[in-house]
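In what follows, a single structure is set out as structure tokens and then discussed.
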């Protein structure tokens, strides 16, 4: 019989802590936006569109402005969930769509950086961005795949919010190459941590 429980209690990630802490800030904003007549799906699309623009700005080498756009889109990405909760419309599909839109948003930003480095014939930084993008996707995929077969994988040192904390300052303060390599290493390490964690659970099954 497959064990459904974790080997030990999962630590609270910075992302989880931030989600709880920011609830008191997001809820009034979400309520105000709802009074304006906007729907959660509209805000989700605004977040994706904003990150597409950020990617385009970054592809032109405007790291400061691109970083500011990414910074501004962070709260927007969290706002749609708060709005759905206040409307009583929280659903599994909504959570699924929100997660998918977050992945698209992140990849558009990385795509802009890859384009910039390739245009300027900087193959090594471009490879670093690719590794960062791959690691970021795998962090989410390993968790989702583990949960689909009855395990837990909410562990690791670099979840989405932590990646955000690395990427935004590296863009705004002009050291994107360092930022993407930090994410490339730590995001892939996080994915490996989750694989190992699931393997330990499987052995206890």
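The values are calculated or read from the model by the stated rules, or taken from the named source; none is laboratory data. What you see is a predicted model, and the numbers here were worked out from it, not measured in a lab. Cβ coordinates were reconstructed from backbone atoms using ideal geometry, including for glycine residues, and neighbour counts include every protein chain displayed.
Of 68, 79, 113, all but one fail to be surrounded by fewer than 17 Cβ atoms within 10 Å (Cβ to Cβ) and at pLDDT 80 or above; the exception is 68. Under the condition of being loosely packed, with under 15 Cβ neighbours inside 10 Å, part of a helix (DSSP H, G or I) and within 15 Å of the chain's Cα centre (by Cα), the residues counted in the stretch 142-164 number 1.
Considering each residue of the stretch 116-131 in turn, none proves to be out of contact with any helix residue (DSSP H, G or I) (no Cβ under 8 Å at 6 or more places or on another chain), assigned to a loop (DSSP other than H, G, I, E, B) and closer than 18 Å to residue 191 by Cα.
Residue count for the stretch 87-113 satisfying the condition of being over 18 Å from residue 167 (Cβ atoms), free of Cβ contacts under 8 Å to residues at least 40 places away in the same chain and part of a helix (DSSP H, G or I): 5. Among the residues that make up the stretch 166-176, is at least one of them part of a loop (DSSP other than H, G, I, E, B), in contact (Cβ under 8 Å) with a residue 24 or more places away in the chain and either under 21 Å from residue 77 (Cβ atoms) or touching a strand residue (DSSP E or B) at 6+ places or on another chain (Cβ under 6 Å) (or both)? Within the stretch 166-176, none of the residues are part of a loop (DSSP other than H, G, I, E, B), in contact (Cβ under 8 Å) with a residue 24 or more places away in the chain and either under 21 Å from residue 77 (Cβ atoms) or touching a strand residue (DSSP E or B) at 6+ places or on another chain (Cβ under 6 Å) (or both). I'd like to verify a number: residues in the stretch 53-106 that are farther than 24 Å from residue 28 by Cα and touching a helix residue (DSSP H, G or I) at 6+ places or on another chain (Cβ under 8 Å), how many? The number of residues fulfilling the criteria is 18.
Has the stretch 117-129 got at least one residue that is surrounded by 18 or more Cβ atoms within 10 Å (Cβ to Cβ) and either touching a residue at least 60 places away in the same chain (Cβ under 8 Å) or closer than 24 Å to residue 44 by Cα (or both)? Within the stretch 117-129, not a single residue is surrounded by 18 or more Cβ atoms within 10 Å (Cβ to Cβ) and either touching a residue at least 60 places away in the same chain (Cβ under 8 Å) or closer than 24 Å to residue 44 by Cα (or both).
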